[in-house]
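Chemist: My questions will all concern the structure given below.
The values are calculated or read from the model by the stated rules, or taken from the named source; none is laboratory data. Remember, it's a predicted structure, so these values are computed and weren't measured experimentally. Positions of Cβ are generated from backbone atoms using ideal geometry, with glycine treated the same way; all protein chains shown enter the neighbour counts.
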C-alpha cells in the first residue's frame, strides 16, 4: 500500500517496559516493528498486528513512532489510537463472523472452548476472551488477577449494564480477589478450570459460574465469570467491590 514508506523489518528482543513498538528508521524512509520476545507466541502475534495497525492508520500522526505497554496491547486497555490499533488487530486475527460461528453470541464458553479459538487464531487466551466479550449477549466478564488483587477486568455490555465490573483505573483502592473464589486457590486448579458454581456473595451478590486458570509464566490468574441471562430484580455489587 505504501511502497515509498514500507515496513523493512520485524524483529523480537527482550525489551522491558513494553510489549511492542513501531519505529521510524534513521534514514527517514521505512519503519520497523519490534516486539517483546519473552512472551508467548500468541501475545507476540497480537502485538505485531497491533503495531501493523499503527503503521497503516497512525504513522503520519505520530512520526516518531509508538511504544506500547502491556495494558494497551495485551489487556486492550488503551485509549484513542491504542484502542484503534487493538480493534484492527482483533479483526485481522480473529474475523468476527468466524468467531461467532465458533462460539455463538448466546453461548457460555468454558476455558477449554476459549482456548480452542485462541489456538485456532494463534492468539493468547486473553485476546480470545476479549474478542468473545465484544459480541456476546451473555452477562459475563473476564478478570485478570495478580498477587491476590484484580489487576484488570473486562465486562460484556450486558454485564456492564447491571454493574458487574471492577474499577481499577485511576486513583482507586486495590480490589482484592475474593478469598472464597477458586482464583486464589492453586490447590484447586483443575476444578477451577472445569468450572464451579459459586454462591451469591462470592464474587457479587448473585450466583455465577467461575472458570479460572493460573498462569505461572506471567504470575497471574485468568478468570471467566458467567452470570444468569437476566439480572436479579435488585442488584448491587458485593460489599468489597470498589466504586
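Chemist: Given (1) outside any strand (DSSP E or B); (2) surrounded by 13 or more Cβ atoms within 10 Å (Cβ to Cβ); (3) at pLDDT 90 or above, identify the lone condition not met by residue 200.
Modeler: Here residue 200 clears every test but (2).
Chemist: Give me a count of the residues in the stretch 79-100 that are free of Cβ contacts under 8 Å to residues at least 12 places away in the same chain and more than 10 Å from residue 131 (Cα to Cα).
Modeler: Count: 5.
Chemist: Further question: Suppose we filter the stretch 1-17 for residues that are over 28 Å from the mean Cα position of the chain (by Cα) and assigned to a loop (DSSP other than H, G, I, E, B); how many remain?
Modeler: Qualifying residue count for the region: 6.
Chemist: From (1) farther than 22 Å from residue 81 by Cα; (2) in contact with a helix residue (DSSP H, G or I) (Cβ under 8 Å, 6 or more places away or on another chain), pick out the condition that doesn't hold for residue 3.
Modeler: (2)
Chemist: Can you name every one of the helices (runs of 4 or more DSSP H) wholly within the stretch 108-169 that holds 1 or more residues which are free of Cβ contacts under 8 Å to residues at least 12 places away in the same chain, crowded, with 20+ Cβ neighbours inside 10 Å and over 14 Å from the mean Cα position of the chain (by Cα)? Walk me through how you get there before you give the answer.
Modeler: Values: elements: 111-121, 125-135, 157-161.
Passing ranges: none, list empty.
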